[in-house]
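**Student:** Quick one: structure below, then a few questions.
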Amino acid sequence: MLTIEWSATEGWQAPLIKPFGNMSLHPACSSLHYGVQPSLGVKKPGHALLYVILCQAGSYFNNEAEALSLWADPKYTRAWEGGTGDCKMGGNYGCSLLAQYEAVDYGCQQVLWLYGEDHQITEAGTMNIFLHWINEIGEEELATPPLDGIILPGVTRQSILELTRKWDEFQVTERYLTMSQLCSALKQQRVREMFGSGTACMICPIGHIVYQGENLHIPCQDKNTQLTSRIAKELTDIQYGRIHSDWTFLV
């Protein structure tokens, strides 16, 4: 691990690389994983320690894996206007654990976070969310909620937007999506697939959503849902240098 110490009197010190065994705080500590803590502070800190885990970047996508199940209930809010929902902060994750436990009680793996009276779709667990569908005016579209202050601007999210826009095969938009729009599209069989994106999972297909007492089935892993596997393959090919991309540079 790369460690850099900081103090109010001396500033940042020289970087050091140490094995895990010599660390005062183990990298598996829960407070370092998505920053799951909120902490009580009584004064401005005088010392800090920056940890950077040195490892080979990887990604995961298994097209045969069971799709994710989500529980959507507007009584819990992940983020709000003027808050920190668009920042990578520990407080955004620690306070979400209660809703996560309730999602498990409903037989779901993660929470689909809703916002506002119209039940806007925002994020799924700790992932950005995408909807591939035929929209209200009959166009094929890949849509994801806009960065309006309550959505985390994920790198994988941006990569998917740029990649699919380069294909120029369907509409790729950042716009508000509501549960009523999703439910209507499902009834009319206009939904092709829905998936989450993030650093750890890269692409995670969504199979069903529990919402207002209904179990909404989301199409996935059939002949009409090839987008998730296509995106995952192309992103992985770029990461490992199997295809040329202007996103990569020789160092």
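Computed from the coordinates by the stated procedures, all read-outs in this text should not be read as laboratory data. Just so you know, these numbers come straight off a predicted model, no measurement behind them. For neighbour counting, all protein chains shown are included, and Cβ atoms are generated from backbone atoms with ideal geometry for every residue, glycine included.
**Student:** Can you work out ³J(HN,Hα) from phi for every residue in region 141-146, in order, using Karplus 6.51 cos²θ - 1.76 cosθ + 1.60 and θ = phi - 60°, giving whole Hz and x for Gly and Pro?
**Tutor:** After applying 6.51 cos²θ - 1.76 cosθ + 1.60, I find 8, 10, 10, 9, x, x Hz.
**Student:** Shape verdict for region 154-210, please, from the Cα gyration tensor: rounded (a/c under 1.5), prolate (a/b greater than b/c) or oblate. Mind showing how you got there, number by number?
**Tutor:** Values: a/c = 2.10, a/b = 1.39, b/c = 1.52.
Cα axes put region 154-210 in the oblate bin.
**Student:** Tell me the relative contact order for region 68-239 as a rounded percent, counting alpha carbon contacts under 8 Å between residues six or more apart.
**Tutor:** Details: 317 pairs, mean separation 41.4, N = 172.
Computed over region 68-239, the figure is 24 percent.
**Student:** For a quick check of your reading of the filter: which chymotrypsin sites (Phe, Trp or Tyr not before Pro) in region 166-242 sit in a DSSP loop and have no more than 12 other Cβ atoms within 10 Å?
**Tutor:** Of the chymotrypsin sites (Phe, Trp or Tyr not before Pro), the ones in loops of region 166-242 whose Cβ has at most 12 other Cβ atoms within 10 Å are Y240.
**Student:** On to the next question. What is the set of long-range amide H partners of L177 at a cut-off below 5 Å, with H atoms built 1.01 Å from backbone N?
**Tutor:** Under 5 Å from the amide H of L177: I121.
**Student:** How big is D for region 68-239, in µm² s⁻¹ as a whole number, if Stokes-Einstein is applied with the Kirkwood radius of its Cα pairs at 20 °C and 1.002 mPa s?
**Tutor:** Working: Rh = 16.2 Å.
Using the Kirkwood radius from Cα pairs, D works out to 132 µm²/s.
**Student:** Hey, what do the phi angles of region 121-136 turn into as Karplus ³J(HN,Hα) couplings, whole Hz, using 6.51/-1.76/1.60 and θ = phi - 60°, x for Gly and Pro?
**Tutor:** Going residue by residue, I get 7, 10, 9, 10, x, 10, 10, 6, 10, 10, 10, 9, 7, 9, 6, 5 Hz, with x marking Gly and Pro.
**Student:** Whole-Hz ³J(HN,Hα) for each residue in region 153-162, computed from phi via Karplus 6.51 cos²θ - 1.76 cosθ + 1.60 with θ = phi - 60°, x for glycine and proline: what do you get?
**Tutor:** Using θ = phi - 60°, the values come out as x, x, 5, 5, 4, 5, 5, 5, 4, 5 Hz.
**Student:** Arrange V191, V251, V111, V210 by Cβ neighbour counts within 10 Å, fewest through most, would you? Walk me through the numbers before you get to the answer.
**Tutor:** Values: V191 23, V251 3, V111 26, V210 18.
Final ranking by Cβ density, sparse to dense: V251, V210, V191, V111.
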